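All remarks here apply to the structure that follows.
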DNA sequence: CGAAATGAGGAATATTATATTCCTTTGCGT
DNA sequence: ACGCAAAGGAATATAATATTCCTCATTTCG
């Protein structure tokens, strides 16, 4: 139990001097932490020895030990909303509140995304990627960044990846695919026109389509051979695509880590690519 | 931010005496809390004055203040993120285990990144960005994706942003900056040559440099006017830049959300840019 | 009712801890 | 090799803490 709570509870039963000291600490623990026993005595109008005796009565070896206890209580109280807060962030929120809600939203979409994809579906996707001749990644806007991030990881594993910012080039890439190839199509809404175009073309050519979309029915989902899902929480962290991007990253990170166990020699590839990059860093 | 993490991060860069003292504290913070400066000196085989100087080098008024910081760090460490496992992912882990560890690592680096940046520093960064004529974002590799993500968000807020994949163009952009401009330089190691080059140039031109790096001392940090920090956890989710990227995103998301409250008319800008994008989705 | 007992609480003091100064050493650049 | 700068310990000054001792008010019991 927090020492501050204890002080409050015992306030009644205390002697005069002790009560004054306790009250001061309850009112402004932060300030008390900056004071020496003598300074605290001066601030409360009692004597320095009373402060020390006060600390000892509470069961601490001395004032220092007591101060550590208050410090600890204060530290824990700071993050008292134990667990993660999750709610809409609005303009009146305090700094700490905003951070907690942001982390809460991110955590929630990561957890739900992890839960929304069965091990079987993930396995199917991994199998397709590992067996593919080439993997084409498709994403626009924020999803294009996730696609790129994933492409770096796949390259580290020695896979052949197609990805381009220019959607025209992407479309012509797609039309050159065969049934030995895989398309990973990222679109949280499942309605991005460019991505749909690419998926349609690739499907006509016989390639396997892995869709990464939200849960709601959507055109991209309808085209997919293997469908993975991202769960976002858009209306909480308002006005931005933060959580859907986090969900996509969660999913692609999962795929990457699980691929590490499947791709023969994965660790060697990674070693090499890291050495290559290190050369550029001093 | 946890002082214990800071100690760990800076251990390498410390002098002999300091390193010994730091190591002792890292190994057994509880014990350290029971010791006086002289006792800690005896326990580590250094002098009492070294202990005090050590505390002061870290930015505390003295040993007592430092002790309070360690006490606080220890108290907060106790927070068990209920249900979240955090550990090294290895090949023998089960599917569910891997997911839990992945989420745990991500959550940890988000939390620690949130904690590592004081409200004051964040405020300083926000002020610089809001007041800037132009904002140049710099990042290579995985950081370039974060930079791009952040640039989309800043554009939504109607800010003028410079960002290009080609480092030559970035460098010429940097040399055209003035002291009315701001550079946000992203590099977890703080040692990417291109980014250093850009930051140096921009600094010569008088622009304000905001660095986003890890905690360990690094060249980019030394150049920065305002320094923000990312905490990653590389050795847990092995062989990838997953958590450092997450930490960077956490930080840029924080900045974005806090900017929403600062930039006049932010919500209008966002409304408009979302309407514009919706047109492309069906 | 009054004297002894008790305990709160402050003043003074002893003890201990902390911060500063000063000096030696060592390593590094010229 | 020389001088300089930084590290770090010894000594010292300063400050904080703990203890002792004393006074005074209240309570208890003869």
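Just order A:65-71, A:5-11 by mean Cβ neighbour count inside 10 Å, highest at the front, would you?
Put in order of decreasing packing, that is A:65-71, A:5-11.
For A:182, A:140, A:96, which order do you get if you count the other beta carbons within 10 Å of each Cβ and list the fewest first?
Lowest to highest Cβ neighbour count: A:96, A:140, A:182.
Hey, for residue B:30 with labels 7 Å out along Cα-Cβ, what do the inter-copy distances come to in nm, ordered shortest first?
3.1
Return A:24, B:54 ranked ascending by Cβ neighbour count within 10 Å, so the fewest neighbours appear first.
A:24, B:54
Enter the Cα centre distance for the pair region B:90-138 and region A:1-76, rounded to the nearest angstrom.
Value for the Cα centre distance between the two parts: 37 Å.
So for B:120, A:28, fewest C-beta neighbours within 10 Å to most, what's the order?
B:120, A:28
Scale the Cα Rg of region B:3-77 by the rule-of-thumb value 2.2 N^0.38 Å and send over the ratio, two decimals.
0.95
Within 10 Å of each Cβ in A:112-121, how many Cβ atoms from other chains are there, averaged over the peptide?
2
Quick note: the coordinates plus some simple rules give every number you see, no bench work behind them. Every value quoted in this text rests on a predicted model; they were computed, and no experiment measured them. Here Cβ is always computed from backbone atoms with ideal geometry, including for glycine, and neighbour counts include all displayed protein chains.
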